[in-house]
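The structure appears right after this line, and notes come after that.
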Amino acid sequence: MTVAARAAAPPALAPFLLRDTASFIERQFPVGRVSAEAYKERKAGAGQTLTALGSYWKGRKPLILVRAVVLGCLLPATDDAAADLDIFLKLMAMDDDAFGRRFDKSAAEFARAFPDCAELATEERGRRRVWREDLDETERRRKRVAEALASLPYAERVAMVRRPEECVEADLLAPIWDDVNGHLGTNARALPELVEQLGMARYGRRPKVGDTFCGGGSIPFEAGRIGCDAYASDLNPIA
């Protein structure tokens, strides 16, 4: 966000405003969706983010689970439980619209997977299927691909898209901020901004996450990535 935009934005939550407010995770947690995402991440093997960075640990906690727990602890539980869940899913890129942005397969693959939608989303050019030119990317993803994927059970659609961590987060979460800020009273335009504002409202400071037995590093890595101050240590046995 630019300096001018920040100046024009409404004030964020006041310090300690949420100090005595129950957190989202105390009232509800979408276990089924988080489990499906965590399973996909762990089955990625060497394709997991920390494995690719050189950290191998068989018992590593999935990054998507760490993100869900940290956000679940920071987000407030309001009188509108359905809206709370909707905002949580948007932030986790687990809402229906997000699947359109997570889908990165070709038009031909989409047509094979969803033959009933093929005429809406693709056209023939010789022998090759391509996306229709009269649909811009937003229309295609939100009104065509996302709706088609929403017809599948959650675990099946997860198998057809990229993991949230494989996407460019600024693009993945770009459409959600008006809804998020409207519900929470924040003025964030990125996840670290939101985390800091929620931390100020709950603790009077940026959230701190500590892990004294961090193993493969999932908790401090993901907590730091979304904007927390992260601290970690572990035992280093000598042979």
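Using unit Cβ charges (K, R positive; D, E negative) and no other charged atoms, how large, in debye to the nearest 20, is the dipole of the chain about its Cα centre?
Charge dipole of the chain: 780 debye, to the nearest 20.
Quick check: residue separation of residue 171 and residue 85 times 0.36 nm, minus the Cα distance between them. What number comes out in nm?
Numbers: separation 86, 0.36 × 86 = 30.96 nm, distance 2.13 nm.
Gain in length upon complete extension: 28.8 nm.
Any idea how many Lys pairs in the chain come in under 22 angstrom at the alpha carbon, given 8 or more places apart or on separate chains?
12
Non-local amide H neighbours of residue 130 (under 5 Å, H modeled in plane, Pro and chain starts lacking H): which ones?
Distant-sequence amide H within range of residue 130: 123, 125.
Test of understanding: what is the full-extension gain from residue 155 to residue 14, defined as 0.36 nm times their sequence separation minus their Cα-Cα distance? Display every interim value, and only then the final one.
Details: separation 141, 0.36 × 141 = 50.76 nm, distance 3.91 nm.
Taking 0.36 nm per residue and subtracting the Cα distance, the gain is 46.8 nm.
Just to verify a number: FRET efficiency for residue 26 and residue 104, C-beta to C-beta distance, R0 = 25 Å, to 0.05?
0.10
Multiplying the sequence separation of residue 234 and residue 116 by 0.36 nm and subtracting their Cα-Cα distance, what value in nm do you get?
Full-extension gain reported as 37.2 nm.
Percent relative contact order of the stretch 105-160, based on C-alpha pairs within less than 8 angstrom and at least six residues apart?
Normalised by residue count, the contact order of the stretch 105-160 is 26 percent.
How high is the relative contact order of the chain, given as a whole-number percent (alpha carbon pairs under 8 Å, six or more residues apart)?
27 percent
No value in this document is a laboratory result; all are computed from the given coordinates. For clarity, every value in this text was computed on a predicted model and none was experimentally measured. Glycine gets a Cβ as well: all are built from the backbone with ideal geometry, and neighbour counts include every protein chain shown.
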